[in-house]
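Enquirer: If you scroll down you'll find the structure; I have some questions about it.
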Amino acid sequence: MSSVFPLRFRRLSESSLVFANEAGQFFKSNDRFLERLDNEKLTKSDQEFLFDHAMASRRAGDINEMSYLHRLASRLRPPTDLSYVILVPTLRCDLACSYCQVSRAAINAKGFDWSDETLLNVKSYLSKSVSKRIQVEFQGGEPTLRLDLMSQIMDFCREHFEESRFIICTNLSVVNEAFVDIISAEDVFVSSSLDGSPDLHRKQRTNTKSQTDEFFKNFSRVGELIGDRLSALPTLDSKNLPAPSDFLDTFDHYNMRSVFLRPVVYHGFARKRHPTSKDHQSVWQKFYEACIYEMIARNIGETSDFYEEYYLTLILKRLLRPGEDNHIDLRSPNWLGYDHQLIDYDGRIYPSDEARMMARTGQVDLSIGDVFAGLDEEKRGALQGRAFNALDPWCSQCPYQAACGSDPIDDLARHGRADVPKPATAYCQKHLHIFDFAMKLIYSEDKKNQHSLALWLGLPSPIFLGDVLQ
Amino acid sequence: MIELSLPANFSDSSHLPFIAKLSRIDGHQTATLVGEIGDELMFQFQDLTISIVQPVGEDIIGDIVFVEPAYNRVSRWIRERSDHNTLLVTERCDQLCIMCSQPPKKSHIDMFTFMEQACMLAPQNMMIGFSGGEPLLYKEQLFALLEKVHTVRPDLKFHVLTNAQHFEEDDVERLRQTAFKSVLWGVPLYASDPSTHDSIVGKIGAFEQLVTSLPIMARAGLQIELRSVLLKQNYHEFEQLSRFISSKLPFVSVWAIMQLERIGFAKNRWFEQFVDHSENSEPLMAAVSVAKSVGLDISLYNIPYCTVPQKLRGFLSQSISDWKRSFPADCEKCSVKSICTGFFEWHSTLEDYKYGGVI
Ligand code: SF4
Ligand code: SF4
């Protein structure tokens with residue numbers, strides 16, 4: 001007789017359910033097994049299956065219990081020191097994109113840049129981190145309006161940390177020699193936006209034809225200069241989605257086959273102007289799946305240069321690998337304002353970009369201090385209440401909990417409070433969809449799907465990734 | 001091949017054996033270079049004069065040696081310029097693996113005092129290996145050595161190759177101490193089927209004991225390197241082994257998969273034991289894929305680059321100890337020789353592999 005580590009379950013289809021435990025081990029089975037589990041009438045072969053897959057133990061301290069505890073523990077990472085910081089040296093921008101009303105100021109506005117004093121304090125604030133490595137993401141506004149501030153920060157970090165990496169998030173509307181000089185360093189990466197076709201890009205972003213042409217010219221030029229250190233995020237509007245194959249063609253044209261698909265999130269006034277309804281959600285989900293299937297179809301025969309969707313790969317890794325937890329939107333415990341912080345144009349510190357947006361729109365002030373006076377431990381502490389999804393009454397019954405995360409700031413931003421029942425949150429709906437979809441792929445018998453899964457996970461050959469109990 | 005044991009002459013052959021560091025300058029426990037005639041080097045250790053012929057193309061200065069005047073011998077225990085220094089704890093063993101590279105003997109000479117002195121003299125940050133026989137037959141002495149050396153030389157790292165048959169519940173508290181954080185424990189596991197594993201290691205109940213020991217090691221927070229050798233006896237079960245490790249042993253740090261070494265018992269039983277993975281790479285591919293899917297670190301050892309499919313090449317490690325590594329003449333023309341693991345000196349040929357050859 002063995003004791004089974006507690007299982008949760010969820011229906012995948014009419015005839016199948018996924019079962020998982022708190023350590024994230026999962027398998028597929030059916031209603032008959034659920035009944036046996038419910039009535040505590042597991043058969044001998046049920047018990048053997050569970051024991052063989054390390055989901056039940058025969059005595060305290062045996063190998064299965066140890067592996068279960070180890071998995072649980074490796075999903076619980078303690079907070080670490082600052083190692084990812086978003087810097088906003090200026091809030092000014094030279095474009096006016098349709099979905100970006102809040103995070104910009106006009107190009108000639110005064111008082112929206114770091115002062116000398118702020119710069120000094122940012123450096124001294126960063127120097128207090130004990131991390132050996134730092135990633136700095138420059139955002140704006142348009143950070144390239146202040147190349148001078150960026151290079152001073154870069155020089156400082158290269159000096160202070162053993163390893164630094166810089167990501168410049170830019171609209172690439174201007175590429176001058178000083179910019180080219182900065183991005184020639186191997187530790188500098190450029191991230192821009194590419195919305196699909198030039199037509200779509202113009203509609204959403206650049207407005208005029210000349211600005212659009214300029215962007216595409218700059219984009220190609222930077223690509224030639226720095227190769228795969230250039231990446232692009234698409235801004236996709238559920239009300240205006242491209243055809244998956246056109247969309248992938250555009251990205252492929254620039255040798256970008258790893259794409260991060262997510263719908264644009266509106267903030268503040270823009271949210272009122274662009275309400276997202278349930279319908280939009282299902283439109284988005286259809287688009288998302290269609291893109292993935294298009295990628296899978298294009299991956300046939302590929303071995304190295306394959307298409308992938310960044311978030312789906314992350315979800316797959318989280319499902320299969322305990323300890324894969326370095327994405328701030330997808331981890332639990334999600335220690336807010338520890339390893340990941342944002343320093344705004346005025347020196348205020350926020351736990352994330354979204355937290356800054358909420359302060360800008362006047363929803364709620366989630367700043368956790370500033371670079372002059374330092375961190376406000378009390379405010380930061382107040383954010384940790386919902387760091388663990390395992391403590392949420394809904395998540396604790398969800399088979400995806402171990403792989404899922406917790407994002408109270410997103411809940412606040414979208415729903416006005418952090419204690420909305422999980423299933424009603426956009427976060428949960430989005431994740432349930434991707435997890436279900438991932439399960440569908442994992443349990444699919446289609447060779448094409450298995451081939452792509454192997455590529456995404458870096459496996460030499462396709463294998464069965466999910467166990468099945470008949 | 002690099003010579004590890006050097007003939008030497010001594011001014012007094014009745015001098016007792018000792019550990020010394022060969023050095024140009026006088027220092028703590030050094031045998032100091034006092035003269036050179038051609039390739040013959042003269043060292044002075046207290047009243048004793050030692051003369052050693054330096055092997056061609058090698059530098060022995062800086063090495064930590066075990067000196068045995070009665071046998072006219074100097075053994076290079078820790079070579080300063082090598083990453084592969086291993087001390088032999090004992091030649092006794094309680095298993096008898098069918099392919100053992102270092103077949104066990106009944107006798108045992110206790111060398112712990114000398115090994116401890118050698119470690120104390122080791123270069124900064126070095127990794128030192130302990131192997132056997134089965135080192136943990138002398139568990140108490142070995143643990144004590146590791147603890148003692150750690151207090152004086154916390155910079156050193158250790159690798160202990162053990163069959164893990166001798167860990168007990170009572171060891172947990174002791175092994176949780178910081179001294180043991182510097183140790184990586186190499187533990188062989190050849191199959192997930194108990195009878196296959198037991199018959200390979202020549203001990204009934206060995207698998208069962210492993211399955212008891214491994215969680216004890218995990219509870220003590222030890223770093224574990226699992227080691228599996230490819231053999232005709234287990235190759236068809238390799239994917240199953242990988243599934244076992246992936247589901248039951250998530251606490252191991254790394255899984256080392258290695259091709260057979262043609263030495264020791266394997267030498268005379270080569271054709272019953274060697275399995276040519278180039279002819280059928282499926283089991284190996286599947287095993288690597290399963291382990292990789294759960295995020296386990298995998299390294300493939302002793303496997304020539306050209307003998308595996310492209311997709312496995314990223315998992316190859318260049319591993320054969322510097323003193324045992326060589327290449328057959330054909331490999332000179334190969335473009336990937338610098339990243340290829342090469343061959344053991346005593347069996348330097350690609351003949352065993354059906355597919356492979358210059359790239
Ligand atoms: S947020 Fe939703 S999907 Fe994620 S663990 Fe909670 S209930 Fe499951
Ligand atoms: S030909 Fe020789 S050097 Fe080249 S990969 Fe094969 S074994 Fe290695």
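Enquirer: How many residues, within the range A:416-427, are away from ligand 1 (no atom under 12 Å from the Cβ) and more than 20 Å from the chain's Cα centre (by Cα)? Steps first, please.
Expert: Step one: of the range A:416-427, the residues away from ligand 1 (no atom under 12 Å from the Cβ) are A:416-419.
Right, trim to more than 20 Å from the chain's Cα centre (by Cα) and you get A:416-417, A:419.
Residues that pass the stated criteria total 3.
Enquirer: Also, quick follow-up: If the requirement is being away from ligand 2 (no atom under 16 Å from the Cβ) and in the same structural domain as A:Leu91 (by TED's automatic domain parsing), which of these qualifies: A:Arg414, A:Arg348?
Expert: Working: A:Arg414 fails: in the same structural domain as A:Leu91 (by TED's automatic domain parsing).
Being away from ligand 2 (no atom under 16 Å from the Cβ) and in the same structural domain as A:Leu91 (by TED's automatic domain parsing) holds for just one of A:Arg414, A:Arg348, which is A:Arg348.
Enquirer: Cβ contacts < 6 Å: first residue among the hydroxyl-bearing types (Ser, Thr, Tyr), restricted to the range A:425-450; second residue more than 11 Å from ligand 1 (Cβ to nearest atom), any location; separation 6+ or different chain. Result?
Expert: So the pair list comes out as A:Tyr443/A:Lys28; A:Tyr443/A:Gly466.
Enquirer: Condition test on A:Ile315, is it open to solvent by less than 10 Å² (accessible area, probe 1.4 Å), at negative phi and not assigned by TED's automatic domain parsing to the domain that holds A:His70? Explain how you work it out, then say what you get.
Expert: On the way: open to solvent by less than 10 Å² (accessible area, probe 1.4 Å): yes; at negative phi: yes; not assigned by TED's automatic domain parsing to the domain that holds A:His70: yes.
For A:Ile315, the condition - open to solvent by less than 10 Å² (accessible area, probe 1.4 Å), at negative phi and not assigned by TED's automatic domain parsing to the domain that holds A:His70 - is met.
Enquirer: Within the range A:390-415, work out how many residues are near ligand 1 (Cβ under 10 Å from one of its atoms) and among the β-branched types (Val, Ile, Thr). Give the steps one after another, and end with the answer.
Expert: Of all residues in the range A:390-415, those near ligand 1 (Cβ under 10 Å from one of its atoms) come to A:390, A:392-407, A:411.
Next cut, among the β-branched types (Val, Ile, Thr) only: none.
Summing the residues that are near ligand 1 (Cβ under 10 Å from one of its atoms) and among the β-branched types (Val, Ile, Thr) in the range A:390-415 gives 0.
Enquirer: Please work out if B:Ala291 is modelled with pLDDT of 95 or more, farther than 25 Å from B:Asp94 by Cα and not β-branched (Val, Ile, Thr).
Expert: Values: modelled with pLDDT of 95 or more: yes; farther than 25 Å from B:Asp94 by Cα: yes; not β-branched (Val, Ile, Thr): yes.
Considered against the rule, which asks whether it is modelled with pLDDT of 95 or more, farther than 25 Å from B:Asp94 by Cα and not β-branched (Val, Ile, Thr), B:Ala291 comes out as yes.
Enquirer: What is the number of the single condition among (1) open to solvent by 30 Å² or more (accessible area, probe 1.4 Å); (2) more than 28 Å from A:Ala73 (Cβ to Cβ); (3) without any contact (Cβ under 8 Å) to a residue 60 or more places away in the chain that A:Gly369 does not meet?
Expert: Unmet condition: (1).
Enquirer: Same structure, new question: Looking for whichever is open to solvent by less than 20 Å² (accessible area, probe 1.4 Å), within 30 Å of B:Tyr190 (Cβ to Cβ) and touching a residue at least 40 places away in the same chain (Cβ under 8 Å) here; the options are B:Ser101, B:Ser82. Which one fits? Lay out the reasoning, then the answer.
Expert: Details: B:Ser101 fails: open to solvent by less than 20 Å² (accessible area, probe 1.4 Å).
When all the criteria are applied, what remains is B:Ser82.
Enquirer: Confirm whether A:Lys430 is open to solvent by 60 Å² or more (accessible area, probe 1.4 Å), at pLDDT below 95 and within 19 Å of the chain's Cα centre (by Cα). Walk me through it before giving the result.
Expert: Numbers: open to solvent by 60 Å² or more (accessible area, probe 1.4 Å): yes; at pLDDT below 95: yes; within 19 Å of the chain's Cα centre (by Cα): yes.
So A:Lys430 fits the description; yes.
Enquirer: Another one. What's the number of the condition B:Leu88 fails, among (1) open to solvent by 50 Å² or more (accessible area, probe 1.4 Å); (2) over 30 Å from B:Glu173 (Cα atoms)?
Expert: Answer for B:Leu88: the failing condition is (2).
Enquirer: Restricting to the range A:339-363, give me the number of residues that are part of a loop (DSSP other than H, G, I, E, B) and open to solvent by 30 Å² or more (accessible area, probe 1.4 Å).
Expert: Filtering the range A:339-363 for residues part of a loop (DSSP other than H, G, I, E, B) gives A:339, A:344-347, A:351-352, A:361-363.
So of that shortlist, the ones also open to solvent by 30 Å² or more (accessible area, probe 1.4 Å) come out as A:345-346, A:361-363.
So the count comes out to 5.
Enquirer: Also, quick follow-up: Out of A:Asp467, A:Asp446, A:Asp376, I need the residue that is away from ligand 1 (no atom under 16 Å from the Cβ) and within 14 Å of another protein chain (Cβ to nearest Cβ). Which one?
Expert: Values: A:Asp446 fails: within 14 Å of another protein chain (Cβ to nearest Cβ); A:Asp376 fails: within 14 Å of another protein chain (Cβ to nearest Cβ).
Exactly one of A:Asp467, A:Asp446, A:Asp376 is away from ligand 1 (no atom under 16 Å from the Cβ) and within 14 Å of another protein chain (Cβ to nearest Cβ), namely A:Asp467.
Enquirer: Here's another thing I want to ask about it. So which residues in the range B:198-210 are in a helix (DSSP H, G or I) and either touching an Asp or Glu at 6+ places or on another chain (Cβ under 8 Å) or open to solvent by 30 Å² or more (accessible area, probe 1.4 Å) (or both), if there are any at all? Even if it seems obvious, please write down each step before you answer.
Expert: The first filter runs over the range B:198-210 and keeps only residues in a helix (DSSP H, G or I), leaving B:198-201, B:206-210.
B:Ser199, B:Ala206, B:Phe207, B:Glu208, B:Gln209 - these are the residues of the range B:198-210 that are in a helix (DSSP H, G or I) and either touching an Asp or Glu at 6+ places or on another chain (Cβ under 8 Å) or open to solvent by 30 Å² or more (accessible area, probe 1.4 Å) (or both).
Enquirer: Do you know which residues across the range B:288-311 are within 16 Å of ligand 2 (Cβ to nearest atom) and either more than 15 Å from B:Leu226 (Cα to Cα) or of a type outside the set (A, V, I, L, M, F, W, C) (or both)?
Expert: Answer for the range B:288-311, where residues must be within 16 Å of ligand 2 (Cβ to nearest atom) and either more than 15 Å from B:Leu226 (Cα to Cα) or of a type outside the set (A, V, I, L, M, F, W, C) (or both): B:Tyr301, B:Asn302, B:Ile303, B:Pro304, B:Tyr305, B:Cys306, B:Thr307, B:Val308, B:Pro309, B:Gln310, B:Lys311.
Enquirer: Further, regarding this structure: Quickly run through the range B:314-359 and pick out the residues that are modelled with pLDDT of 85 or more, among the β-branched types (Val, Ile, Thr) and more than 9 Å from ligand 2 (Cβ to nearest atom).
Expert: Scanning the range B:314-359 gives a single hit, B:Thr349.
Enquirer: Quick one: how many residues across the range A:126-146 are assigned to a helix (DSSP H, G or I) and either surrounded by fewer than 17 Cβ atoms within 10 Å (Cβ to Cβ) or touching a Lys or Arg at 6+ places or on another chain (Cβ under 8 Å) (or both)?
Expert: The first filter runs over the range A:126-146 and keeps only residues assigned to a helix (DSSP H, G or I), leaving A:126, A:143-146.
From what is left, the residues that are either surrounded by fewer than 17 Cβ atoms within 10 Å (Cβ to Cβ) or touching a Lys or Arg at 6+ places or on another chain (Cβ under 8 Å) (or both) are A:145.
Number satisfying all stated conditions: 1.
Enquirer: Which one of these does A:Trp456 not meet: (1) in contact with an Asp or Glu (Cβ under 7 Å, 6 or more places away or on another chain); (2) aromatic (Phe, Trp, Tyr); (3) more than 14 Å from every other protein chain (Cβ to nearest Cβ)?
Expert: (3) is the only condition that A:Trp456 fails.
Enquirer: Also, I was wondering about something else. For the structure I just gave you, tell me whether B:Arg73 is more than 25 Å from B:Ser319 (Cβ to Cβ), open to solvent by 70 Å² or more (accessible area, probe 1.4 Å) and in the same structural domain as B:Asn268 (by TED's automatic domain parsing). Give the steps one after another, and end with the answer.
Expert: Numbers: more than 25 Å from B:Ser319 (Cβ to Cβ): yes; open to solvent by 70 Å² or more (accessible area, probe 1.4 Å): yes; in the same structural domain as B:Asn268 (by TED's automatic domain parsing): no.
So B:Arg73 does not fit the description; no.
Enquirer: Next question, about the same structure. Give B:Met285, B:Met258 a once-over and let me know the one that is more than 13 Å from ligand 2 (Cβ to nearest atom), touching a residue at least 12 places away in the same chain (Cβ under 8 Å) and within 23 Å of A:Asp467 (Cβ to Cβ).
Expert: Values: B:Met258 fails: within 23 Å of A:Asp467 (Cβ to Cβ).
Exactly one of B:Met285, B:Met258 is more than 13 Å from ligand 2 (Cβ to nearest atom), touching a residue at least 12 places away in the same chain (Cβ under 8 Å) and within 23 Å of A:Asp467 (Cβ to Cβ), namely B:Met285.
Enquirer: Can you tell which of A:Glu302, A:Glu354, A:Glu309, A:Glu324 is within 14 Å of chain B (Cβ to nearest Cβ), among the acidic types (Asp, Glu) and closer than 28 Å to A:Ser74 by Cα?
Expert: On the way: A:Glu302 fails: closer than 28 Å to A:Ser74 by Cα; A:Glu354 fails: within 14 Å of chain B (Cβ to nearest Cβ); A:Glu309 fails: within 14 Å of chain B (Cβ to nearest Cβ).
It is A:Glu324.
Enquirer: Something else: Of everything in the range A:25-73, what is away from chain B (no Cβ under 14 Å) and polar (S, T, N, Q)? Give them in sequence order. Let's see the steps before the verdict.
Expert: Step one: of the range A:25-73, the residues away from chain B (no Cβ under 14 Å) are A:28-47.
Answer for the range A:25-73, where residues must be away from chain B (no Cβ under 14 Å) and polar (S, T, N, Q): A:Ser29, A:Asn30, A:Asn39, A:Thr43, A:Ser45, A:Gln47.
Enquirer: In the range B:253-359, which helices (runs of 4 or more DSSP H) lie fully inside it and hold 2 or more residues that are in the same structural domain as B:Leu230 (by TED's automatic domain parsing) and buried (at least 19 other Cβ atoms within 10 Å of the Cβ)?
Expert: Working: elements: B:265-268, B:270-273, B:282-293, B:310-313.
Here the list reads B:282-293.
Enquirer: Then there is this: Looking for something assigned to a loop (DSSP other than H, G, I, E, B) and open to solvent by less than 50 Å² (accessible area, probe 1.4 Å) - is there at least one such residue anywhere in the range A:286-296?
Expert: Of the residues in the range A:286-296, the ones assigned to a loop (DSSP other than H, G, I, E, B) are none.
For the range A:286-296, residues assigned to a loop (DSSP other than H, G, I, E, B) and open to solvent by less than 50 Å² (accessible area, probe 1.4 Å): absent.
Enquirer: Looking at this structure, is A:Ser406 modelled with pLDDT under 95, touching a Lys or Arg at 6+ places or on another chain (Cβ under 8 Å) and away from every other protein chain (no Cβ under 14 Å)?
Expert: Values: modelled with pLDDT under 95: yes; touching a Lys or Arg at 6+ places or on another chain (Cβ under 8 Å): yes; away from every other protein chain (no Cβ under 14 Å): yes.
Considered against the rule, which asks whether it is modelled with pLDDT under 95, touching a Lys or Arg at 6+ places or on another chain (Cβ under 8 Å) and away from every other protein chain (no Cβ under 14 Å), A:Ser406 comes out as yes.
The values are calculated or read from the model by the stated rules, or taken from the named source; none is laboratory data. The structure presented is a predicted model; accordingly, all values stated were derived computationally and were not measured. Here the Cβ is made from the backbone with ideal geometry for all residues, glycine too, and neighbour counts use every protein chain on show. Side chains are part of the model used for accessible areas, which takes the heavy atoms of the whole protein and leaves out ligands, DNA and RNA. Shrake-Rupley method; radii C 1.70, N 1.55, O 1.52, S 1.80 Å.
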